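Okay, structure first, notes after.
The values are calculated or read from the model by the stated rules, or taken from the named source; none is laboratory data. No experiment lies behind these values; they were computed from the predicted model shown. As a convention, Cβ positions derive from the backbone with ideal geometry for all residues, glycine included, and neighbour counts pool all protein chains shown. To get the accessible areas, we keep the full protein, side chains included, count just its heavy atoms, and leave off ligands, DNA and RNA. Shrake-Rupley method; radii C 1.70, N 1.55, O 1.52, S 1.80 Å.
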Amino acid sequence: MAILKIARMGNPILLQRCEPVPDPSAPEIRRLVADMLETMEEAPGVGLAAPQVYVPLRIFVFRVPGNRGGTEPVPSTVIINPTIEPVGEEIGLNWEGCLSIPEMRGVVPRHIAIRYSGVDRDGAPISGEASRFHARVMQHEYDHLDGILYTMRMTDFRYFGFNEELDKIAERENEARRQPQQASA
Ligand code: NI
């Protein structure tokens, strides 16, 4: 196992369409997937696509931590040669970050619910439905396989910035919300 180097925005590897994996159970794919999981967990991140570690193949890993509201936690999961399609028309807006665009985040529209299929690290078929944060992280990672970064999906760049600055605003807003309660206590 190894921690892999992550490509940052501006590197052309992040803009190319990736190739399907011919043999998902091949030893080199197994090794790559193990390294991707370790790299995602160490970063720490909630998702990582193969092109982010300089491998232009259709593979991503992701996880849903327990503290993400509205979604059941999902342990670290691998999907090879995935397909994704929206379920219903509903679009939601929420913040996203990316290990290839460090220290920043932006608000991105995504389908609220999706259906997915693909194969797991043993080459066995998997499929299912995902919603909310789970669906969002899968759409974000899937986009990487087509050379699309979350910034390319954004529609309002007022909601894009450095975490450090945005965290200050969030703190001030929380403070303002707390004050009336303190006054009435
Ligand atoms: Ni990303």
**Message:** For the stretch 89-109, which positions are within 11 Å of the ligand (Cβ to nearest atom) and under 14 Å from residue 68 (Cβ atoms)?
**Reply:** 96, 97
**Message:** So, in the stretch 14-34, exactly how many residues are touching a helix residue (DSSP H, G or I) at 6+ places or on another chain (Cβ under 8 Å) and surrounded by 12 or more Cβ atoms within 10 Å (Cβ to Cβ)?
**Reply:** 5
**Message:** Conditions first: (1) buried (at least 17 other Cβ atoms within 10 Å of the Cβ); (2) within 16 Å of the ligand (Cβ to nearest atom); (3) assigned to a loop (DSSP other than H, G, I, E, B). Residue 121 passes all but one, so which condition is the exception?
**Reply:** (2)
**Prompt:** Taking the stretch 54-93 as the search range and keeping residues that are of a type in the set (S, T, N, Q) and surrounded by 14 or more Cβ atoms within 10 Å (Cβ to Cβ), which one is farthest from residue 120 (Cα to Cα)?
**Reply:** 71
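On the given criteria, is residue 157 in contact (Cβ under 8 Å) with a residue 24 or more places away in the chain and out of contact with any strand residue (DSSP E or B) (no Cβ under 7 Å at 6 or more places or on another chain)? Show your work before the answer.
Numbers: in contact (Cβ under 8 Å) with a residue 24 or more places away in the chain: yes; out of contact with any strand residue (DSSP E or B) (no Cβ under 7 Å at 6 or more places or on another chain): yes.
So residue 157 fits the description; yes.
Do you know which residues across the stretch 124-153 are within 13 Å of the ligand (Cβ to nearest atom) and not in a helix (DSSP H, G or I)? Let's see the steps before the verdict.
Of all residues in the stretch 124-153, those within 13 Å of the ligand (Cβ to nearest atom) come to 136-153.
Across the stretch 124-153, the qualifying residues are 146, 147, 148, 149.
Can you tell me which residue among 47, 66, 128 is small (Gly, Ala, Ser) and under 23 Å from residue 3 (Cβ atoms)?
Numbers: 66 fails: under 23 Å from residue 3 (Cβ atoms); 128 fails: under 23 Å from residue 3 (Cβ atoms).
When all the criteria are applied, what remains is 47.
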**Prompt:** Do we have any residue at all in the stretch 154-175 that's modelled with pLDDT of 95 or more, hydrophobic (A, V, I, L, M, F, W, C) and open to solvent by 70 Å² or more (accessible area, probe 1.4 Å)?
**Reply:** yes
